[in-house]
């Protein structure tokens, strides 16, 4: 007790010492130290003491701080529960907490505060040690950032990354492992494999391996280990395990990185299975394996390679050169390019199809598949390996499928064309085009069959080699080699006929087939096309591939031909319906509908071009009597024959129509040319004179109908009456023309039937006059009223008679000699010129024979030949017959033919003239210079003489041009070796001029006019040159 008591002096001394010691410590502490008052249930009181560190840190002076409290420096958003902390301190607890202080300059200073209660001067205070933890906070933030980055990194890695402690608890896992166990990262931490893996054996193996790594302090590599995930699915892992060693050199944790190799494992297993199966497949399929050393060129082949091409092992050198030698030249470049592309890495694999020659000489299709298996450091290919298989059968199947596809395309295309095309010729053209373009056939052509002659004519064709088919015809006749091809046989057999080896029969069939064979085609097929049950033609196709048309192809093509035949049947029915809409069903003549249309068109054309249209209404005389007595069947037959006869009398451009019963109408358009009717004909007489063919047509019809007809066993004679009207004078429209023609028909019946009457009386008179002339000419021919007048020809060189021309004259009884211009045109119009011309030649030959008998060497007689005569096919035969009928001996006949007439059918006329010359007949070109013939053609003509037209002779005196023309003709004749005759020579001046020009012969009034036979004979006997080349003697 005494010890506890101290004297005041000692106490004060001790107190001062303690205070000084306290202040020394207060100042020496490196952290901030503050003392503040404590208020019950209130905010902290003001600071009672602060050290210099506090002042420096906060930027306040000591005096400023002593006027403040902790509330003034605490950050209001720090989130620290100051009151709770204050209660704990007052309760005697030393409290450590973190706070944020605000410096005077606004800086935020993170601090760690250690506070405890103590008494100062009898007051309860709080002493707080305040430590600046700014650097620590920054370090913590950096650690947090690094941890977040590390977490992001390991979570991005799809490998399993995890760490375990010695108890097998996960202390680190990434997202990949959490997903495998179907949980979260936090859901794995602290758990073991046994919590997720149902396979206890696997869990035990993991545990053992982990402990071994931690105990042995070494890394472990596990190539393969299984893990069963939460779903029971097995995964394969490749794992690396490393011990995490502490500072004391021991390890209580293991870090594992495991790669999921499940897919690789599956691929490897699949590869093993594939290799196993490939081995079996190679063994079973016969595929060969090759190995090619790109550097040395050596090739190694499996045992399966040799049988593919039929070689024995060792028969082919194991060198790449031998392989290339067996490869088809057309494929070798492509194969080398494919291999080069793969060796350079452009193509990932070598896959090529090409042909190789087998030991038998045949070409086999081969497929090679391979790849580079070894490269050097620079990437250069060193070695490759692959398979080699025979794909010939597959190629054949592909070609067959391709052929069938082509034919299907043709079938589809033609069926489409059938739907939209209604014209058979257009359908044929389209069918050929489709077969060539879509079907790939080089030649496709359609033919038309003539059932009467069995001739086969191309009507449509297409294809790159379908050239000149319009000129090629063939036949389906079996008695000639031409008909033994596929076309002829298909027509006769009425079914498709194919040839798959055309080269085996090179001389069989048509010229089309032989042309195709020369162009490399090897297969052809002909498909018969039917119309109404009969073969109408064929569709013929050519393919360059041999054996192209197999059973399947033929079946499809037969279907195609059937579709085309169906279309032809449809078109035929449609045409028949259209025909019945415009034609009479019984006779085939036009019906009233077509008549109205044709007549309207004829009138329109006549109005435009100034032509005449004749409308003739015909009625069969007494037909009703025949029809009623013999029956309708006989009447129908009679009507058909009448129509047939009438058709033979008119032109194709004319229209024959049946109005009903026995009434018919003829429309004869364009009966004069535009020059003859430049002004519309207003008078009937003028119409007749410009269009005599109307009358001739009517005469032919009357004559044709009146000739006896056989109906059954009866022979009937029938006549008709005709009424005619003419556009424009008898009417301007069809109705009026028909009505007026009907009126003319009535008048014809009134006049006794069996005649025709024109609507106009004046026209009838003109027609009657012309008919009278024609009748007189026929009678003149029968009565031998035609004669020849002879005009001499004289040589300018000798003055002798070199010949004469027999000119046709008509000695009409009671009228005398009729001028040639009045009757010769009518002879030509009626065709009588043929008979009259033949009679003239007979007279000329007969006269020559008689003169020959009298004087030995009479002058040659020239006779003119008309166009109709020369056009007759038997003209040469007729002349030969005339010569034979007038005895033997030299032929003194010369035929004069106009230049323009010869040029009309030059080739046929040349042939006829050659035959005439072989008979000894001389040929002269009459009126030379008026026919515009070419020199090349004149050179070819088998003629002896050129006759200068009288117009050129007359023009010599008129102009230098006329003289030049004559000079040119004479020069031309001399260059061609022909004799020149100038006709129409009438003056002595002309004779002198022609002599100077060295013309050979002259003819004309300067010598003598044409004379009757007896007068010519007298003139000839009295003629004497008397030193002159020629002298006119008029013995009339």
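The values are calculated or read from the model by the stated rules, or taken from the named source; none is laboratory data. All values reported here derive from a predicted model rather than from experimental measurement. Positions of Cβ are generated from backbone atoms using ideal geometry, with glycine treated the same way; all protein chains shown enter the neighbour counts.
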Please list, ordered by residue number, the helices (runs of 4 or more DSSP H) wholly in the stretch 160-279 having 3 or more residues that are over 28 Å from residue 148 (Cα atoms) and without any contact (Cβ under 8 Å) to a residue 40 or more places away in the chain. 200-216
Kindly establish whether residue 339 is crowded, with 16+ Cβ neighbours inside 10 Å, at pLDDT 85 or above and farther than 30 Å from residue 562 by Cα. yes
Based on what the data block shows, is residue 163 surrounded by 14 or more Cβ atoms within 10 Å (Cβ to Cβ) and farther than 17 Å from residue 244 by Cα? no
Taking the stated definitions as given, is residue 773 at pLDDT 85 or above and in a helix (DSSP H, G or I)? no
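For the stretch 863-880, state whether one or more residues are part of a strand (DSSP E or B), modelled with pLDDT of 90 or more and over 20 Å from residue 970 (Cα atoms).
Yes, the conditions are met somewhere in the stretch 863-880.
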Consider the stretch 339-367. How many of its residues are closer than 18 Å to residue 289 by Cβ, part of a loop (DSSP other than H, G, I, E, B) and touching a residue at least 24 places away in the same chain (Cβ under 8 Å)? 0
Report yes if some residue within the stretch 54-70 is without any contact (Cβ under 8 Å) to a residue 12 or more places away in the chain and closer than 27 Å to residue 136 by Cβ; otherwise report no. yes
The stretch 797-827, residues that are surrounded by fewer than 17 Cβ atoms within 10 Å (Cβ to Cβ) and part of a helix (DSSP H, G or I): 820, 821, 822, 825, 826
Some residue of the stretch 1011-1021 being over 60 Å from the mean Cα position of the chain (by Cα), modelled with pLDDT of 90 or more and farther than 25 Å from residue 840 by Cα: no
Go through (1) in contact with a strand residue (DSSP E or B) (Cβ under 7 Å, 6 or more places away or on another chain); (2) within 27 Å of residue 406 (Cα to Cα); (3) surrounded by 15 or more Cβ atoms within 10 Å (Cβ to Cβ) and name the single condition residue 494 misses. (3)
Is it the case that some residue within the stretch 591-608 is part of a loop (DSSP other than H, G, I, E, B) and assigned by TED's automatic domain parsing to the domain that holds residue 430? no
Does residue 101 satisfy the condition of being buried (at least 16 other Cβ atoms within 10 Å of the Cβ), under 23 Å from residue 139 (Cβ atoms) and at pLDDT 90 or above? yes
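For residue 568, indicate whether it is assigned to a helix (DSSP H, G or I), surrounded by 15 or more Cβ atoms within 10 Å (Cβ to Cβ) and in contact (Cβ under 8 Å) with a residue 24 or more places away in the chain.
Criteria met by residue 568.
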Among what's in the stretch 454-484 and is farther than 27 Å from residue 439 by Cα and free of Cβ contacts under 8 Å to residues at least 12 places away in the same chain, pick the residue that is nearest to the chain's Cα centre (by Cα). 480
Would you pick out the residues in the stretch 942-975 that are in a loop (DSSP other than H, G, I, E, B), out of contact with any strand residue (DSSP E or B) (no Cβ under 7 Å at 6 or more places or on another chain) and in contact (Cβ under 8 Å) with a residue 12 or more places away in the chain? 956, 957
Kindly establish whether residue 834 is surrounded by 20 or more Cβ atoms within 10 Å (Cβ to Cβ) and assigned to a helix (DSSP H, G or I). no
Out of all the residues in the stretch 320-332, is one or more assigned by TED's automatic domain parsing to the domain that holds residue 307, assigned to a strand (DSSP E or B) and farther than 25 Å from residue 379 by Cα? yes
Long-range neighbours under 9 Å by Cβ, at least six apart or interchain, first residue outside any helix (DSSP H, G or I) within the stretch 901-913, second crowded, with 19+ Cβ neighbours inside 10 Å: 904/870; 905/870
Listed residues 45, 59; which is assigned by TED's automatic domain parsing to the domain that holds residue 121 and either modelled with pLDDT under 90 or in contact with a helix residue (DSSP H, G or I) (Cβ under 6 Å, 6 or more places away or on another chain) (or both)? 45
Being farther than 18 Å from residue 301 by Cα and surrounded by fewer than 16 Cβ atoms within 10 Å (Cβ to Cβ), is that true of even one residue in the stretch 348-358? yes
Which one of these does residue 451 not meet: (1) buried (at least 22 other Cβ atoms within 10 Å of the Cβ); (2) in contact (Cβ under 8 Å) with a residue 60 or more places away in the chain? (1)
Residue 67 versus (1) surrounded by 14 or more Cβ atoms within 10 Å (Cβ to Cβ); (2) closer than 18 Å to residue 126 by Cβ: which is the lone unmet condition? (1)
Would you point out which residue out of 627, 619 is outside any helix (DSSP H, G or I), closer than 24 Å to residue 715 by Cβ and in contact with a helix residue (DSSP H, G or I) (Cβ under 8 Å, 6 or more places away or on another chain)? 619
When you scan the stretch 627-644, do you find a residue that is within 49 Å of the chain's Cα centre (by Cα) and either over 16 Å from residue 586 (Cα atoms) or without any contact (Cβ under 8 Å) to a residue 40 or more places away in the chain (or both), even just one? yes
